[in-house]
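Below: the structure, in structure tokens.
The values are calculated or read from the model by the stated rules, or taken from the named source; none is laboratory data. Please read these numbers as outputs of a predicted model, since none were measured by experiment. All Cβ positions, glycine included, derive from the backbone under ideal geometry; neighbour counts span all protein chains shown.
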């Protein structure tokens, strides 16, 4: 019987880990990659995009699941497993007034440590390191959870949005790609010499404002050579 009870606790912690991993993966997943996967026919990517368009709804659904799992795991471990450990300690000769609180503290400490490591830290790191891949897998189950708990999800989402408005945070989120975000990437590419190469290819396009003719965009035929590599043809600018 104890094995069954421990298995239930492990299952609850695993479910908590799945929810924590899902939350971080969906929040961290890069939208352009998800959009590309969706265009390639991935239903999971399409579901993930749908969830990320309504972050309040998605976070509410995840939080409902995590809260319920935490309550059940805490109550179950504190009532059943702690009682069994209490009985065992008393059978070894320990006084009841000592065995009962000791059993409760030991069980809660073990379950808390187990839950933090395997139910939070490890799953969240997996979700962060493999955000897009995890988001594609977990998106549809999370959509199902949001649908099943729709009334409560709507209530929590409305409550959070109302609180944000009261705190002066009613504006929508800023674009994920900004000039400030691109500057470090541009600087890194420039230091590697990549920007100079790209400038050579795109200079005719950027010059269209000053030379709005086809000659400003086209490369003279005499300056174009054709080469082959690995069975493919490439046009090389002279």
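Details
- The requirement of being surrounded by 14 or more Cβ atoms within 10 Å (Cβ to Cβ) and either over 30 Å from residue 42 (Cα atoms) or at pLDDT below 90 (or both) is satisfied by residue 153.
- Odd one out for residue 77 among (1) farther than 21 Å from residue 138 by Cα; (2) free of Cβ contacts under 8 Å to residues at least 60 places away in the same chain: (2)
- Odd one out for residue 82 among (1) surrounded by 18 or more Cβ atoms within 10 Å (Cβ to Cβ); (2) more than 30 Å from residue 159 (Cβ to Cβ); (3) at pLDDT 85 or above: (3)
- Boolean, residue 77 is modelled with pLDDT of 85 or more and either within 30 Å of residue 159 (Cβ to Cβ) or over 16 Å from the mean Cα position of the chain (by Cα) (or both): no
- Meets criteria (at pLDDT 90 or above and either exposed (fewer than 12 other Cβ atoms within 10 Å of the Cβ) or more than 20 Å from residue 27 (Cα to Cα) (or both)) for residue 117: yes
- Helices (runs of 4 or more DSSP H) contained in the range 73-150 and holding at least 1 residues more than 21 Å from residue 15 (Cβ to Cβ) and in contact with a helix residue (DSSP H, G or I) (Cβ under 6 Å, 6 or more places away or on another chain): 82-91, 96-116, 131-148
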